[in-house]
Amino acid sequence: MIFRQLFDSVSGTYSYLLASRAGGEAMILDPVLERVDRYCTLLRELDLKLVKAVDTHLHADHVTGLGELRDRTHCITIMGEETKADVVSMRVSDGDRVTIEGITLDVMYTPGHTDDSYSYLMGDRVFTGDTLLIRGTGRTDFQNGSARAQYESIFNRLLKLPDETMVFPAHDYKGDTVSTIGEEKRYNPRLQVRSVDEYVELMNNLKLPNPKMMDVAVPANIRVGLHQDELTRQGLAFTAIDAIKSLGRPDILLVDLRETSERAKHGTLPGALHAPYPSIDDSLKPGGMLREVATATGRRIVFFCAYGERSAMAVNAAKEAGLPNPAHIAGGIDAWKKAGGPVQTG
């Protein structure tokens, strides 16, 4: 496995690059905007294709690199379903799994630092975001934070993991790089409390100043979404209402870009062809499934995904590949459901 812990000294942020092999798919957790050049260089050096970029929560101390990485690499952006970010490609919830070739992360909802805080478990290690830090815990006094919720997340979720589980946080300000669950149980001063009320009192009296970047980072990180307006101006977007009206038209082929787990959880659209987004380039090449279907049938390809982010990128990829007049459903299946469109389940 390829595992790289990358550090941004300005914000004290750790980012993590994961891959199962050189030449394969890669994932990055908690990327920082100012370090995107470095990530892209490393991806080239290791011959990796960035497939997914994950933020553990809405950060207040740095601007996320999700949007820039998406624009440069066409990767899928991922956050928890509670996030206030305008659009991310995929939203996960507790119990879901985030996968790339050879690697699986188990999704754990661990609110408290913020209400959209998640941790990600990968075998012998857990990426805890700002929920559990090395010899500390994330502050709980802004962004709908809750010391009581954080106590629950730490004591009844994270500390239930095996003691030897390695802890990789999103931040450290003292130079520590890794800990274990067992170490934190024994030596983390904030965890030596006798009750949830004692923990709440401790966290409510920290009196910390706001992060220096907070007024800049939070608004910027909320607006991480890919702008879909340009496709609408070009006539390459269907509103959800228009897409519903076009259902069953013989000249249109709906293409579902979501992963199998998303389809099982949120349902499918009648008659849609399944072509997961990570394989879109291969599908559009000569001999690829989508290109062959479009050529053989003459039907207009209309992509959709969860929120319109992956489908907007797919439209651009299809245009570059020479497919005639591709389009997408703006807002994805989320907008489709809100407009009352039919969804198949089971």
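Observations, loosely collected:
- Matching residues in region 1-35 - criterion: being in contact with a helix residue (DSSP H, G or I) (Cβ under 9 Å, 6 or more places away or on another chain) and of a type in the set (Ser, Thr, Tyr): Ser11, Thr13, Ser15
- Residue match in region 271-280 (condition: open to solvent by less than 50 Å² (accessible area, probe 1.4 Å) and within 14 Å of Tyr307 (Cα to Cα)): yes
Let's see how each residue does on (1) over 24 Å from Ser15 (Cβ atoms); (2) open to solvent by less than 20 Å² (accessible area, probe 1.4 Å); (3) not hydroxyl-bearing (Ser, Thr, Tyr):
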site: Gly136; (1), (2), (3): no, yes, yes
site: Asp141; (1), (2), (3): yes, no, yes
site: Ser146; (1), (2), (3): yes, no, no
site: Tyr151; (1), (2), (3): yes, no, no
site: Arg157; (1), (2), (3): no, no, yes
site: Asp163; (1), (2), (3): yes, no, yes
site: Met166; (1), (2), (3): no, no, yes
site: His171; (1), (2), (3): no, yes, yes
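- Top-ranked residue of region 100-120 - restricted to ones that are open to solvent by 30 Å² or more (accessible area, probe 1.4 Å) and touching an Asp or Glu at 6+ places or on another chain (Cβ under 9 Å), ranked as farthest from Lys185 (Cα to Cα): Glu101
- The listed residue being in a loop (DSSP other than H, G, I, E, B) and among the β-branched types (Val, Ile, Thr), out of Val224, Val216, Val167: Val224
- Within region 1-20, residues that are of a type in the set (D, E, K, R) reach partners that are modelled with pLDDT of 95 or more with beta carbons closer than 6 Å, at six or more positions or on different chains, in the pairs Arg4/Leu17; Asp8/Val32; Asp8/Arg35.
- In the set (1) part of a loop (DSSP other than H, G, I, E, B); (2) closer than 25 Å to Pro326 by Cα; (3) open to solvent by 30 Å² or more (accessible area, probe 1.4 Å); (4) not aliphatic (A, V, I, L, M), Arg258 fails one condition alone, (3).
- Cross-chain or 6+ apart pairs with Cβ under 9 Å, region 87-111 first and modelled with pLDDT of 95 or more and assigned to a strand (DSSP E or B), then surrounded by fewer than 17 Cβ atoms within 10 Å (Cβ to Cβ) and among the hydrophobic types (A, V, I, L, M, F, W, C): Ile103/Met1
- Subset of region 186-238 (residues that are modelled with pLDDT under 95 and of a type in the set (Lys, Arg)): Lys207, Lys212, Arg223, Arg233
- Under the condition of being in a helix (DSSP H, G or I) and closer than 16 Å to Ala60 by Cβ, the residues counted in region 140-164 number 1.
- Gly322, sole failed condition from (1) within 26 Å of Leu50 (Cβ to Cβ); (2) in contact with a helix residue (DSSP H, G or I) (Cβ under 8 Å, 6 or more places away or on another chain); (3) not in a helix (DSSP H, G or I); (4) not charged (D, E, K, R): (2)
- Residue tally, condition exposed (fewer than 12 other Cβ atoms within 10 Å of the Cβ) and either polar (S, T, N, Q) or touching a Gly at 6+ places or on another chain (Cβ under 7 Å) (or both), over region 205-233: 1
- Any hit, region 191-213, residues being assigned to a helix (DSSP H, G or I), out of contact with any helix residue (DSSP H, G or I) (no Cβ under 8 Å at 6 or more places or on another chain) and in contact (Cβ under 8 Å) with a residue 24 or more places away in the chain: no
- Some residue of region 289-306 being under 29 Å from Gly80 (Cβ atoms), assigned to a helix (DSSP H, G or I) and more than 18 Å from the chain's Cα centre (by Cα): no
- Selection of strands (runs of 3 or more DSSP E) fully inside region 1-80 by the criterion of at least 1 residues being crowded, with 24+ Cβ neighbours inside 10 Å returns 13-19, 25-29, 49-54, 76-80.
- Condition check for Leu236: crowded, with 16+ Cβ neighbours inside 10 Å and either acidic (Asp, Glu) or closer than 28 Å to Thr99 by Cα (or both): no
The values are calculated or read from the model by the stated rules, or taken from the named source; none is laboratory data. Here the structure is a predicted model, which is why all the values come from computation and not from measurement. Positions of Cβ are generated from backbone atoms using ideal geometry, with glycine treated the same way; all protein chains shown enter the neighbour counts. When the accessible area is computed, the model is the full protein with side chains, heavy atoms only, and any ligands, DNA or RNA have been set aside. Shrake-Rupley method; radii C 1.70, N 1.55, O 1.52, S 1.80 Å.
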